[in-house]
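The values are calculated or read from the model by the stated rules, or taken from the named source; none is laboratory data. Values in this document were obtained by computation on a predicted structure and should not be read as measured data. Here Cβ is always computed from backbone atoms with ideal geometry, including for glycine, and neighbour counts include all displayed protein chains.
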Amino acid sequence: MSAMTSKNPLQASSSREGIPPGEPLSLVSICLDKDTWGILKLFADSTPVVRLQKHLGDYRLDDHESVLEWVGDPAPDICLLDFDGDRRSAAMVAERIHADAPDSAIFAVSSQSQPDLIIQAMRSGCSEYLLKPLDPEQLLNAVARVGGRRREKKESDRGQMSAFIGAKGGCGVTTLVTQLGASLAGYCSRKTLVVDLHPDFGDAALYLGLTKYRYHFFELVENTDRLDADLLQSFVLHHSSGLDLIPAPHGTEPARRTAPGALNHVIEFVRSRYEFILVDLPPGLNDENLDLLRHCDQVNVVTVAEVSALRNVVRQTDYLTRKHIAAERIKVVLNRHQKRALITEAQIEKSIGQKIFWKVPNQYVHVVKTISGGDPTGQVSTSDVAKNLQDWAAAIGKKAGAEEKKKEGRRMLTFWNR
Ligand SMILES: Nc1ncnc2c1ncn2[C@@H]1O[C@H](COP(=O)(O)OP(=O)(O)OP(=O)(O)O)[C@@H](O)[C@H]1O
Ligand SMILES: [Mg+2]
């Protein structure tokens, strides 16, 4: 086995058409004959789409050795496996890689083109069968297919981001964000982050009982040039439900000018690390909020059944749709809902021109207790509000088995409340 490095593919001058830009795919070659190896090396040197990581000179992969130890950890994006030396061993190696490193694509290379041999290679886990002499164009197309799949996976792996904005101050945004977030993290076992985007006096940390912290979200945005997993961790507060929070400033802060794109950079980064991101926005719209709202999967306008708030819902939805935020992403959440309210649901829906997406019951004493306890999943969370928000969390974040966990959670809470 010999290690090998290539010229930095990112510096290679020619880039091929049809391959979208992005990080090069890592490639490990296994048992390539001299000619094929030469073609591969030329290919890698002339195009920035692959980075040769390793060349393995035999099919030796004994039962006790882990695939990742052999091909490298993290596993390469592509293993180029020559089947001509020993077809049986090559097929066994392909099977092991396929089983232990399922995200690695395996390309078979061979001078044999009999259909049964091709089928055998595909059955052992190869996704491509490339004939010798290796055709760079064919290799490029195969690499592009892997790149396309990787991008699609990355897209689907991004966390869902929902913003919450009040039709006016005090409609319950922070209450809903923190309780829904705690339910997603606790009952649904989803990796969830709340971002408090108030420029000053954020309440989310207080509502979660997390009062000791030094850094806030806007400082993170100012440090995007250093942004990595460690830096993010130093800004994140952890709630006992499993919910994470990046707080807003404690008090007043001088006006900040963030570099263009910095906020989006942070948001994209956290989206790759969390399944759900809930953003607690201050009421009122400005350009920065708007920029963020454009990235959200859902924008929840939280209102109460009062004329002034409902009038603002109409204004806000009009404004957002004018700013090209798709109407179907804007949802109206009616908080503090009471069955016998002065303004009926039908009247509300008529006045806002759309259906109410979610109704949260009015339960002031319970909500205030939850807030002062700082624990949305704790002792008072058997309230109707908590159950209602658990149902919302389950509707968006339920995984197999979550229902059981939720029942178990409720059983435990009933037990504690005795
Ligand atoms: N479903 C509810 N039932 C009863 N009271 C509620 C409910 N939701 C929120 N409240 C109460 O409404 C008040 C305001 O709630 P909250 O701070 O969450 O609103 P907000 O929209 O975040 O306010 P701000 O605009 O100041 O950020 C709190 O006292 C809270 O207890
Ligand atoms: Mg608030």
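Return the residues of the range 188-201 that are outside any loop (DSSP other than H, G, I, E, B) and either of a type outside the set (S, T, N, Q) or within 12 Å of ligand 2 (Cβ to nearest atom) (or both); say none if nothing qualifies. Steps first, answer last, please.
Residues of the range 188-201 outside any loop (DSSP other than H, G, I, E, B): 192-196.
Once the filter is applied, which keeps residues that are outside any loop (DSSP other than H, G, I, E, B) and either of a type outside the set (S, T, N, Q) or within 12 Å of ligand 2 (Cβ to nearest atom) (or both), the range 188-201 yields L193, V194, V195, D196.
Have a look at S111, S183 and point out the one that is within 16 Å of ligand 1 (Cβ to nearest atom) and farther than 30 Å from D318 by Cα.
Values: S111 fails: within 16 Å of ligand 1 (Cβ to nearest atom).
Selected residue: S183, the only one of S111, S183 that is within 16 Å of ligand 1 (Cβ to nearest atom) and farther than 30 Å from D318 by Cα.
Yes or no, residue by residue, for (1) among the small types (G, A, S); (2) out of contact with any helix residue (DSSP H, G or I) (no Cβ under 7 Å at 6 or more places or on another chain); (3) in the same structural domain as S351 (by TED's automatic domain parsing):
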site: S241; (1), (2), (3): yes, no, yes
site: I246; (1), (2), (3): no, no, yes
site: P260; (1), (2), (3): no, yes, yes
site: F276; (1), (2), (3): no, no, yes
site: P283; (1), (2), (3): no, yes, yes
site: L290; (1), (2), (3): no, yes, yes
site: V313; (1), (2), (3): no, no, yes
site: D318; (1), (2), (3): no, yes, yes
site: T321; (1), (2), (3): no, no, yes
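Matching residues to (1) more than 13 Å from ligand 2 (Cβ to nearest atom); (2) farther than 21 Å from G261 by Cβ; (3) surrounded by fewer than 24 Cβ atoms within 10 Å (Cβ to Cβ):
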residue: D157; (1), (2), (3): yes, yes, yes
residue: M161; (1), (2), (3): yes, no, yes
residue: G170; (1), (2), (3): no, yes, yes
residue: V177; (1), (2), (3): no, yes, no
residue: D203; (1), (2), (3): no, yes, yes
residue: L210; (1), (2), (3): yes, yes, yes
residue: E219; (1), (2), (3): yes, no, yes
residue: L232; (1), (2), (3): yes, no, yes
residue: S241; (1), (2), (3): yes, yes, yes
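Please tell me if V177 is away from ligand 1 (no atom under 16 Å from the Cβ), assigned to a helix (DSSP H, G or I), under 33 Å from the mean Cα position of the chain (by Cα) and not aromatic (F, W, Y).
Values: away from ligand 1 (no atom under 16 Å from the Cβ): no; assigned to a helix (DSSP H, G or I): yes; under 33 Å from the mean Cα position of the chain (by Cα): yes; not aromatic (F, W, Y): yes.
No, not satisfied.
Are there any pairs, at least 6 apart or on different chains, whose C-beta atoms fall under 9 Å, with the first in the range 359-377 and not assigned by TED's automatic domain parsing to the domain that holds H239 and the second more than 8 Å from ligand 1 (Cβ to nearest atom) and among the hydroxyl-bearing types (S, T, Y), and if so, which?
Between residues of the range 359-377 that are not assigned by TED's automatic domain parsing to the domain that holds H239 and residues that are more than 8 Å from ligand 1 (Cβ to nearest atom) and among the hydroxyl-bearing types (S, T, Y), there is no close pair.
The rows are residues; the columns are (1) in contact with a Gly (Cβ under 9 Å, 6 or more places away or on another chain); (2) over 30 Å from L197 (Cα atoms); (3) assigned by TED's automatic domain parsing to the domain that holds T192.
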position	(1), (2), (3)
S111	no, yes, no
L117	no, yes, no
S124	no, yes, no
D135	no, yes, no
L140	yes, yes, no
S162	no, no, yes
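Does I165 qualify as being within 16 Å of ligand 1 (Cβ to nearest atom) and surrounded by 15 or more Cβ atoms within 10 Å (Cβ to Cβ)? Explain how you work it out, then say what you get.
Working: within 16 Å of ligand 1 (Cβ to nearest atom): yes; surrounded by 15 or more Cβ atoms within 10 Å (Cβ to Cβ): yes.
Yes: the conditions hold for I165.
Report yes if some residue within the range 184-199 is at pLDDT below 90, over 22 Å from the mean Cα position of the chain (by Cα) and surrounded by fewer than 23 Cβ atoms within 10 Å (Cβ to Cβ); otherwise report no.
Taking the range 184-199 as the starting set, the residues that turn out to be at pLDDT below 90 are 187, 199.
In the following step, the residues that additionally are over 22 Å from the mean Cα position of the chain (by Cα) were identified as 199.
Still in the running and surrounded by fewer than 23 Cβ atoms within 10 Å (Cβ to Cβ): 199.
Within the range 184-199 (the criterion being at pLDDT below 90, over 22 Å from the mean Cα position of the chain (by Cα) and surrounded by fewer than 23 Cβ atoms within 10 Å (Cβ to Cβ)), the answer is yes, since at least one residue qualifies.
If we keep just the residues of the range 218-250 that are in a loop (DSSP other than H, G, I, E, B) and of a type in the set (A, V, I, L, M, F, W, C), which is nearest to G374 (Cα to Cα)?
Here is the first cut: in the range 218-250, the residues in a loop (DSSP other than H, G, I, E, B) are 223, 227-228, 236, 239-243, 247-250.
Next, only the ones that are of a type in the set (A, V, I, L, M, F, W, C) stay: 227, 236, 243, 248.
Values: L227: 29, V236: 17, L243: 12, A248: 16 Å.
Residue satisfying both the conditions and the ranking: L243.
Contact list please: Cβ distance under 8 Å, first residue in the range 46-60 and assigned by TED's automatic domain parsing to the domain that holds S89, second residue surrounded by fewer than 19 Cβ atoms within 10 Å (Cβ to Cβ) and acidic (D, E), pairs at least six apart or on different chains.
Filtered contacts from the range 46-60: Y59/D86.
Hey, could you check the range 365-390 for residues that are exposed (fewer than 14 other Cβ atoms within 10 Å of the Cβ) and at pLDDT 75 or above and say which is farthest from L278 (Cα to Cα)?
Here the answer is V365.
Restricting to the range 335-378, name every residue that is of a type in the set (S, T, N, Q) and touching a strand residue (DSSP E or B) at 6+ places or on another chain (Cβ under 8 Å). Show your work before the answer.
Step one: of the range 335-378, the residues of a type in the set (S, T, N, Q) are 335, 338, 344, 347, 351, 354, 362-363, 370, 372, 377.
The answer is N335, Q338, Q354, N362.
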